[in-house]
Structures are given as structure tokens and as C-alpha cells.
1. Just give me the residues in the range 61-102 being crowded, with 20+ Cβ neighbours inside 10 Å, small (Gly, Ala, Ser) and closer than 19 Å to ILE6 by Cβ, in sequence order.
2. Taking the range 186-202 as the region of interest, how many residues are part of a strand (DSSP E or B) and in contact with a Ser or Thr (Cβ under 6 Å, 6 or more places away or on another chain)?
3. Just to be sure I understand, how many residues within the range 77-105 are over 17 Å from the mean Cα position of the chain (by Cα) and either at pLDDT below 95 or within 17 Å of VAL63 (Cα to Cα) (or both)?
4. Residues to consider are SER5, SER35, SER51; find the one that is surrounded by fewer than 24 Cβ atoms within 10 Å (Cβ to Cβ) and either hydroxyl-bearing (Ser, Thr, Tyr) or within 17 Å of SER205 (Cα to Cα) (or both).
5. List the pairs whose first member sits in the range 173-192 and is more than 16 Å from ILE129 (Cα to Cα), whose second member is assigned to a helix (DSSP H, G or I) and among the hydroxyl-bearing types (Ser, Thr, Tyr), and whose Cβ atoms are under 8 Å apart, counting only residues at least 6 apart or on separate chains?
6. Quick one: what pairs do we get from the range 125-146, first residue more than 15 Å from LEU171 (Cα to Cα) and surrounded by fewer than 20 Cβ atoms within 10 Å (Cβ to Cβ), second at pLDDT below 95 and not small (Gly, Ala, Ser), C-beta under 6 Å, 6+ apart or different chains?
7. Could you tell me whether the range 150-170 includes any residue that is within 20 Å of the chain's Cα centre (by Cα), among the polar types (S, T, N, Q) and assigned to a loop (DSSP other than H, G, I, E, B)?
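The values are calculated or read from the model by the stated rules, or taken from the named source; none is laboratory data. If you're wondering where the values come from, they're calculated on a predicted model, not measured in any experiment. FYI the Cβ positions are ideal-geometry reconstructions off the backbone, even for glycines, and counts take in every protein chain you see.
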Amino acid sequence: MFSGSIPALVTPFVDGAIDEAAFRRLIDWQIEEGSSALVPCGTTGEAPTLSNDEQHRLFAITVEQAKGRVPVIAGCGSNDTQTALWHMQEAKAVGADAALMVAPYYNRPSQAGLLAHFSYLAERVALPIVLYNVPGRTVTDIKPETVIELARRFPDRIVGIKDASGDMTRLTAHRMALGEGFDQICGNDDMALHYNAGGGTGCISVTANVAPRLCAEFQAASLAGDMDRAHEINQRLFPLHQALFTDASPGPVKYALAKVLGWIGEEVRLPLVPCSAESRRAVDTALAHAGLA
């Protein structure tokens, strides 16, 4: 269902408010540069600092601006099941194609709790769900046996996973149990080459915010088995993958966008702050290496 280079879109701000004009322009640019789907309101979109109204507005803008050219996977996750349900209902109402659902964070549910949480959502909203496992942020880890059970229970609802666990063995565990129809999407740009080689279908990417065409070309080459080309592009992008996490994300990403595009500023919302001078130097060097500055 979902493959290729899928940017987890930043949310542009001006004087504390969402810059809707810049966000629409970013969507158009991403599609023109070859991105295969769009994720509003993910981690990179600073979803934890968005109000519910802002989050739902961003869903609507993304669907409206994309105009069906690419799928929209709306970031709907919450550590409160009822709030997650509300986000999914709003995403479906405006025409999103799927929901990206992060594991509940902070309250640390058990695997039984995760089964109950995702099952509750899948049973109540007719919208495909891409699970999002990022235990480095949530502490909660969606174990392979839980992923497999959910996908078997709800084959038309639980359609894939964005895996940022860093555990490459899970690719094979999921694939052996669920086959190729279950989308396995990398959540770490710097692991995408090896992830695709193991059976992945693409990447929900931070770097694609800044380098959408290169990321799309990398994914196309990698998924087509053109490994010489994939390695060549990966080596151009690899320093950027790393530089964009030299400070709290998306600070370095917004700095890079301000340099590359000029019409998206560096503003982030507290408790995040603009990236450090050291991070800026790393981003500058990586952009030059990638041929983007």
C-alpha cells in the first residue's frame, strides 16, 4: 500500500502560529520532487506541541493541497486511546488515506495493553493503520508477536509498520509471519539501505524534508535492486542523515530548510529551541557534501 520516500513533514511556524502558506508550498514541492506519500503531524511535525484543532487543521490542509496526487498518512497517535480515536475520526472525515499510530508513550502499556489499544481503534474507524514503533522516544516497544497478532486480527486495518526500533531482525520475523503484503517502512534514514535490502518497502523520512528528490531517487533505486545507484546516493545523503540529529529534531531540519529553501524559518515550539552552532556547522558540511548548498 505504501512505499518509497515518505517525508514526515515539518510544521512551519511564524510568531508562534502555523504558517499555512509555507506548509502548502512545502506539500507542493515535496510532491513535485517525487515524494510518494506525506505524513503530517508526526514527531518531525512537532505533534506534541500542537493543539488538537491545529493537528486536525493540518490533516485537512495536507489532504486538500495534495489533491489526491499522493496518499496522506495522518499522524494520529496518542497515549490516550480516546484522543487517538478522535484524531483518527477527524483524519478519516477530511479524507486521509491512513493513520500513523505511535505506541502510547509515558504510561507504558504492556503488550496486552497495546493489543487492546490498537484493536479498539481498528474496530471503530474504517481507516488503515500504520503502526509506529519508536521505543527510544516512547519507552514502550511493540514486540513482533504483537505486531503479527494485530495484523492477523485486522488484515484490512493494520497494514504496515514504521519501525524505528533499530532491530533489523524484526524485518524477517514480520515477513515470515505476514508475507510481503504487510508494509515494513523504515523509520531511520541512515538504516534505509539495509532495511530495504531485508524486505522493507520504503522510509518515513526526516531527510526527505530537505532532500526530497535525492531521497526519492534513492528509494527508487533501492527498491528496483539497482544497488550501485542506491549506494551512490546513500553515500551522498549519509552525512545529512546524521547531521539532522546532532541536536533535538526538528531544529536541525528547520535550519537546513531555511538554508535550502529560504521560505521556511527555523522557528520551533518550546520546549524545543533552535539548534546549536555546532549542529549548524554539521548541517552546513552535510548539505555541501550532498550537493544541496
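1. ALA66, ALA74, GLY75, GLY77, ALA91, ALA96, ALA98, ALA99
2. Total satisfying the criteria: 1.
3. 6
4. Step by step, each of SER5, SER35, SER51 is checked, and only SER51 is surrounded by fewer than 24 Cβ atoms within 10 Å (Cβ to Cβ) and either hydroxyl-bearing (Ser, Thr, Tyr) or within 17 Å of SER205 (Cα to Cα) (or both).
5. Correct list of pairs: ASN188/TYR195; ASP189/THR207; ALA192/SER222.
6. If the second residue must be at pLDDT below 95 and not small (Gly, Ala, Ser), no pairs are left.
7. Looking through the range 150-170, at least one residue is within 20 Å of the chain's Cα centre (by Cα), among the polar types (S, T, N, Q) and assigned to a loop (DSSP other than H, G, I, E, B).
Each row is one residue, and each column tells you yes or no for (1) under 22 Å from LEU38 (Cα atoms); (2) basic (Lys, Arg).
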site: LEU223; (1), (2): yes, no
site: GLU232; (1), (2): no, no
site: LYS254; (1), (2): yes, yes
site: LEU261; (1), (2): yes, no
site: ALA286; (1), (2): no, no
